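The values are calculated or read from the model by the stated rules, or taken from the named source; none is laboratory data. Because the structure is a prediction, the values reported are computed rather than measured. Methodologically, a virtual Cβ is constructed for each residue, glycine included, from the backbone with ideal geometry; neighbour enumeration extends over all protein chains shown. To get the accessible areas, we keep the full protein, side chains included, count just its heavy atoms, and leave off ligands, DNA and RNA. Shrake-Rupley method; radii C 1.70, N 1.55, O 1.52, S 1.80 Å.
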Amino acid sequence: MKARMNNVAMIVPGALEALHALAEAAGHGGIPETTIDLVHYRASQINGCSVCADIHSRSAQKHGATEQQLFTLAAWRDAPYFSEAERAALALTEAVTRLADRPDAVPDDVWNEAARHYDEKALASLLIHIAGINAFNRLNVATRQPTGDWVANYA
């Protein structure tokens, strides 16, 4: 597949750096890297972003995610391979990624379960990670950015 245009974040001066700065800031919330990668990978699956799904599945593996976690991420609710904290992060990821899918975009039960596992700083970090990956997904999907061998060097 051929992209509709060059990568948007690389065209607008400072855009890629700003997106990376947002991710860097979110990295100070105390969330395990594997959880962050699973969150990024799950949002990317939902949004159909092959670039980010490729990058974050590789990164998750590098940071210790098991093959079972990677293979069953789309069905995490029924798979026994995720901790309660990871499940809470994934539920929050799905709710925030799919804001328009329900009248109460982020239901209290989803929020409260995430808050049970993450303190305020970690929750803030998690939300910034979710927003950031959704931004990358939307830019890549809108312009049909293809994944490829270059991703292995990025992750």
Problem - Boolean, Val106 is of a type outside the set (D, E, K, R), under 17 Å from the mean Cα position of the chain (by Cα) and in a helix (DSSP H, G or I) - result: no
Completion exercise
Taking first residues from segment 29-56 that are in a loop (DSSP other than H, G, I, E, B) and second residues anywhere that are among the charged types (D, E, K, R), the pairs with Cβ under 6 Å that are 6 or more apart or on different chains are Gly29/Lys121
Fill in the blank from the handout: Here the qualifying pairs (Cβ atoms under 6 Å; residues six or more apart or on different chains; first in segment 62-78 and over 18 Å from Ala88 (Cα atoms); second at pLDDT 95 or above and open to solvent by less than 50 Å² (accessible area, probe 1.4 Å)) come out as His63/Thr34; His63/Asp37; Gly64/Thr34
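Results for (1) touching a Ser or Thr at 6+ places or on another chain (Cβ under 9 Å); (2) at pLDDT 95 or above; (3) surrounded by 14 or more Cβ atoms within 10 Å (Cβ to Cβ), shown as yes or no for each residue.
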{"site": "Glu84", "(1), (2), (3)": "no, yes, no"}
{"site": "Thr93", "(1), (2), (3)": "no, yes, yes"}
{"site": "Val96", "(1), (2), (3)": "no, yes, yes"}
{"site": "Asp101", "(1), (2), (3)": "no, no, no"}
{"site": "Glu120", "(1), (2), (3)": "no, yes, no"}
{"site": "Leu126", "(1), (2), (3)": "yes, yes, yes"}
{"site": "His129", "(1), (2), (3)": "yes, yes, yes"}
{"site": "Asp149", "(1), (2), (3)": "no, no, no"}
